[in-house]
Amino acid sequence: MKLLFPEYLWALFAIAIPIIIHLFNFRKFQKIYFSNIDLLKEVKLETQSKSKLKHLIILMIRILAIAVLVLAFCQPYIPTNQAEMKGDSIISVYIDNSHSMDSKGTNGYRLDLAKEQAEKIISNYGPTDLFQIITNDFEGRHQRLYNKSEAIQLIDEIEPSFQSRMISEVLLRQKDILANEEANKTVYLLSDFQKKSSNFDAVKKDSSIQIICLPYYNEGSENVYIDSIWFETPLRRSESEDVLFAKVVNAYDYPIEFKLNLTINGENRAFINFSADAKTSLNCKIPFTIKGDGIMHGELTVEDYPDATVTFDDNFYFSYFINKGINVLHLHNGTYETDSSGYFGVLFGKNDYFNFKNQSLKSFDFSTLGSYDFVLLSEISNISSGMQSELVNFVNNGGNVCVFPNDEIDLNSYNLLLQSISSITLSPKVNSINKVSALLTEHPIYQDIFDEIPSNIDLPIVNNYYPINASATSGSEKLMTLQNGNPYMVYSKNQKGSLTVCASSLNLNSSNFAKHALFVPTLLRLAEFSQYRGDYYHIVGKDNTIATKQTINTSDKVEITNANESFSFLPEVKNNKNETNLILYNQIKSAGHYNLLVNGEAIQGFSFNYNRDESSQDFYNESELKNAIGNSEIGVSTEIFENADSLNGIDVLDIVKGKKYWWHLIIFALVLLGLEIIIFRLWK
């Protein structure tokens with residue numbers, strides 16, 4: 001403990017006053033004569049003893065009262081670490097403006113209270129001190145230092161945000177701006193400290209920075225919310241039943257019933273009732289049918305559950321595109337130059353949904369490769385380095401390739417291609433009769449194809465083949481397996497595209513696969529899975545790059561607008577060979593549907609949702625927060641000031657200057673004076 005004005009200790013000499021009064025009794029006594037004083041002498045002795053005790057107690061009370069009053073004027077206090085610092089200071093103040101802070105506490109909305117107390121903290125620092133104000137938005141203007149008035153102005157402008165940040169991210173950003181400064185460094189964290197984002201164990205110790213936490217304890221609310229959505233297959237087709245899956249989380253302590261309502265482009269398509277057990281998640285299945293093609297904006301809403309105090313996560317937005325067709329390219333060595341009735345020509349060329357092209361390698365322009373969804377390679381003996389490079393880029397940017405080797409191939413050139421895409425190689429050809437013995441029926445390629453698979457199913461026969469070697473890192477799956485355990489056809493997902501490799505050619509001397517009943521569904525499904533779809537949804541504040549396969553020229557006018565065209569901006573456009581990236585720079589701040597406009601025409605739709613991290617209403621209480629910080633590396637340099645959101649509030653001056661006790665001493669002095677009066681009047 002320290003004294004703010006120690007010079008007032010000279011006033012302790014005033015203690016001599018009651019001592020002098022006690023030693024020199026100025027009362028005048030009057031003699032009274034009695035005839036017999038034997039009885040009075042006994043009473044007098046008893047009265048004098050009690051009187052001395054009474055005066056001694058009053059003397060001690062008066063001495064203590066004067067001493068306490070003198071100490072009160074000296075203003076004793078227990079300093080915080082930063083109160084002992086000398087010279088200028090740099091202070092970084094983090095105000096958690098996430099969704100959970102924009103809720104009512106004991107003294108009103110927690111965010112408003114945090115802003116008010118942050119302004120008071122800044123006001124109590126010196127005129128030459130500098131400040132950083134930081135929120136979950138991580139704006140560029142929050143990464144510089146300001147004076148008092150500028151910092152307070154920034155705090156006034158803080159609005160609620162649906163962005164959520166980890167405490168480790170916040171502290172790292174604060175330390176970045178304090179790293180090269182020589183002044184005293186203090187970090188303030190004003191937050192409700194949600195467990196999911198308060199990862200104190202991931203924060204590294206920095207002894208040069210003092211950390212002060214002001215917790216606004218939040219008991220949270222029970223909640224039910226849509227966590228994510230997905231489709232089981234990548235193909236979306238018009239007038240064909242589709243199935244949407246949604247993960248719904250029930251955070252209540254009891255089972256609930258709820259309803260999911262699905263709309264596509266503003267029209268209701270499905271609503272289904274579900275029930276979920278307490279504290280569980282449920283994968284909900286919503287079948288629906290859509291008619292038409294083009295951009296589809298979907299919205300899934302959860303309804304009919306009790307006490308809806310948290311509503312920002314009740315709507316989930318997603319978008320996809322229904323193509324009029326799939327572009328399929330067959331590349332070969334010239335055998336099928338004029339033959340449109342080959343295996344692939346019969347399969348894809350007569351189906352209106354597929355835009356099929358039969359092309360010889362000699363005349364193909366590889367600059368157009370990116371306009372195709374699915375590329376079939378067959379009857380090719382050698383793969384040149386240029387062709388290899390183009391095919392690798394094609395797959396990496398979302399293209400899909402299916403390889404049927406020729407009867408005689410340059411094994412090295414093939415392996416260079418396959419290894420570059422998916423760590424797959426072919427071994428020298430084996431001339432022995434074998435048979436496909438197993439299908440990976442649980443793979444999406446074969447889902448919903450078979451009603452029932454008989455035990456004696458007839459599978460393709462293979463006369464010669466190139467053994468496929470797929471490493472564990474290739475991520476490949478055996479669609480078909482030979483009796484000897486070697487894969488006959490493997491499917492490998494690579495980045496955004498895919499690679500499918502068959503172990504034999506389509507020549508009937510090598511296998512009967514081209515004439516087998518499995519050939520048609522396998523190739524059709526591979527082609528359907530090659531359809532470019534992009535992401536169904538993005539996260540506000542997290543995803544700042546959107547990919548599109550549409551070709552955008554530098555002269556095109558590119559614009560992103562929300563669905564009702566009330567908001568728009570110009571993104572940065574970066575063109576790759578087979579893909580275009582749109583850089584958003586955090587300009588999208590609201591959940592909903594958006595369109596990509598090129599020269600005024602909407603060519604792609606996409607959707608944004610708020611981060612579901614805020615949906616978990618689980619916060620640290622007082623003891624848990626102390627344990628979490630105490631067990632971390634920053635525990636020794638961190639102070640926690642309680643009661644920021646209590647009925648009594650918190651004295652911000654105590655945080656900056658230290659805990660003061662002068663008013664406690666004033667109360668104690670008044671109590672002593674009251675006690676003196678009581679003793680003086682009641683002790684007769």
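Observations on the model:
- Note on the chain: helix-only mean residue ellipticity at 222 nm, from DSSP H runs of 4+ residues weighted -39500 (n - 2.57) and normalised by residue number, equals -7500 deg cm²/dmol.
- Normalised size of the stretch 410-453, defined as Cα radius of gyration per 2.2 N^0.38 Å with N residues, equals 1.68.
- Amide H contacts under 5 Å for residue 375, placed H, 5+ residues apart: 329, 400, 401, 402
- The chain - convex hull of alpha carbons, volume per residue in Å³: 254 Å³
- Size descriptors for the stretch 415-505, from the alpha-carbon set: Rg then Dmax equal 13.6, 40 Å.
- Of 148, 259, the sequence from fewest to most neighbouring Cβ atoms within 10 angstrom is 259, 148.
- Relative exposure of 322, 121, 667, judged by other C-beta atoms within 10 Å (fewest first): 667, 322, 121
- Segment residue 447..residue 204, full-extension length gain: 82.6 nm, with 0.36 nm per residue of separation and the alpha-carbon distance subtracted.
- The label-point distance for residue 576 and residue 166, in a model that sets each label 7 Å from Cα toward Cβ, rounds to 2.5 nm.
- Length added when fully stretched, residue 680-residue 333, from 0.36 nm per residue minus Cα-Cα: 113.0 nm
- Nearest-0.05 FRET efficiency for residue 183 and residue 668, computed from C-beta distance (R0 41 Å): 0.60
- This model, with +1 at the C-beta of Lys and Arg and -1 at the C-beta of Asp and Glu, gives the chain a dipole about its Cα centre of some 3200 debye.
- Rounded to the nearest whole Hz, the Karplus-based 3J(HN,Hα) values (6.51 cos²θ - 1.76 cosθ + 1.60, θ = phi - 60°) of the stretch 144-161 follow the sequence 8, 9, 10, 7, 4, 5, 5, 5, 5, 4, 4, 5, 4, 8, 5, 10, x, 9, with x at glycine and proline.
- Of the two radii for the stretch 326-529, the radius of gyration is 0.93 times the Kirkwood radius, both from the alpha carbons; that is the Rg over Rh value.
- FRET efficiency estimate (nearest 0.05) - Cβ-Cβ, residue 471 to residue 569, R0 45 angstrom: 0.50
- Ordering 381, 367, 555 by the number of other Cβ atoms within 10 Å of each residue's own Cβ, fewest first, gives 555, 367, 381.
- The base-10 log of I(q)/I(0) for the stretch 224-321, evaluated at q = 0.15, 0.23 Å⁻¹, reads -0.58, -1.20 [Debye formula, identical scatterers on Cα atoms, solvent excluded].
- If R0 is 35 Å, the Cβ-Cβ spacing of residue 268 and residue 230 corresponds to a FRET efficiency of close to 0.95.
The numbers here are math on the coordinates, done by the rules we state, and not lab data. In this text the structure is predicted, and so the values were computed from the model without any measurement. Cβ sites come from the backbone with ideal geometry, for glycine too, and all protein chains shown count toward neighbours.
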